[in-house]
Amino acid sequence: CQDDTVTELALKKNGLVGTLPSELTSLTQLEILNLSDNNITGSIPVTMNQMTALMEFKIERNALTGSIPRLDRLTKLKILYLDENNLSGSIPTEMGGIINLEALGLYQNQLTGQIPYQLSQLTLLKTFYLDSNKLSGTFPVDFFVDFQQMIDFRA
């Protein structure tokens, strides 16, 4: 808490079950949200895009389904881990607008389609995991030209 405002919610490995409540997005000053290693089901609420103070969103190793919602208003987001769920559909092209992302984990889901060229705008990425999905196509030749800080990439 900071000035009676919740800025961090870390509930990793707490045995949480059920869906993500849409009321979670009323925590407008939340900067860190870690719900990893639980049994959270359902989809990621589309209202997550309203949590514009969020800098870290970790919800890997749960049982989430559905598609990844637009998160392009989360411009302060540096870490986004959605790994090891059952997310499906394509990677939203709008994800390229999260320009401060340094780590993006999407591995071991059921994502399909091509990797959006718009992700090449994420030039601060150091970690980028896409493996173990059902993605198709190839990377454009110049996709990685501006990824000068990339340390770890898996596709």
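The values are calculated or read from the model by the stated rules, or taken from the named source; none is laboratory data. Because the structure is predicted, anything quoted here is derived from the model rather than measured. Quick reminder, even Gly has a Cβ in these numbers, built from the backbone with ideal geometry, and neighbours come from all protein chains shown. Surface accessibility is based on the protein's heavy atoms, side chains included, excluding ligands, DNA and RNA. Shrake-Rupley method; radii C 1.70, N 1.55, O 1.52, S 1.80 Å.
Per-structure values
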{"quantity": "The chain, dipole about Cα centre (Lys/Arg Cβ +1, Asp/Glu Cβ -1), debye to the nearest 20", "calculated": "280"}
{"quantity": "Carbon + sulfur, % of accessible area of the stretch 1-90 - ligands and nucleic acids excluded, 1.4 Å", "calculated": "46"}
{"quantity": "DSSP bridge orientation in the chain - percent antiparallel, rounded to nearest 5", "calculated": "5"}
{"quantity": "Mean accessible surface per residue for the stretch 22-155, computed with a 1.4 Å probe while every protein chain stays in place, in Å²", "calculated": "45"}
{"quantity": "Separation of the residue 94 and residue 126 label points, Cα + 7 Å toward Cβ, nm", "calculated": "2.8"}
{"quantity": "More than 18 Å apart - percent of Cα-Cα pairs taken over the chain", "calculated": "56"}
{"quantity": "Residue-by-residue Karplus 3J(HN,Hα) for the stretch 62-69, coefficients 6.51, -1.76, 1.60, Hz, glycine and proline x", "calculated": "10, 10, 5, 10, x, 9, 7, x"}
{"quantity": "Spacing of the two label points (7 Å from each Cα toward its C-beta) at residue 75 and residue 114, in nm", "calculated": "2.8"}
{"quantity": "Lysine pair count for the chain [Cα-Cα under 25 Å; pairs on different chains or 8 or more apart]", "calculated": "13"}
{"quantity": "At most 13 other Cβ within 10 Å, DSSP loop - chymotrypsin sites (Phe, Trp or Tyr not before Pro), the stretch 61-155", "calculated": "143"}
{"quantity": "Cα gyration tensor, the stretch 45-131 - rounded (a/c under 1.5), prolate or oblate", "calculated": "rounded"}
{"quantity": "Environment charge at residue 128 (Cβ cut-off 14 Å; Lys +1, Arg +1, Asp -1, Glu -1)", "calculated": "-2"}
{"quantity": "Cα-centre dipole for the stretch 1-77 with unit charges at Cβ (Lys and Arg positive, Asp and Glu negative), debye to 20", "calculated": "300"}
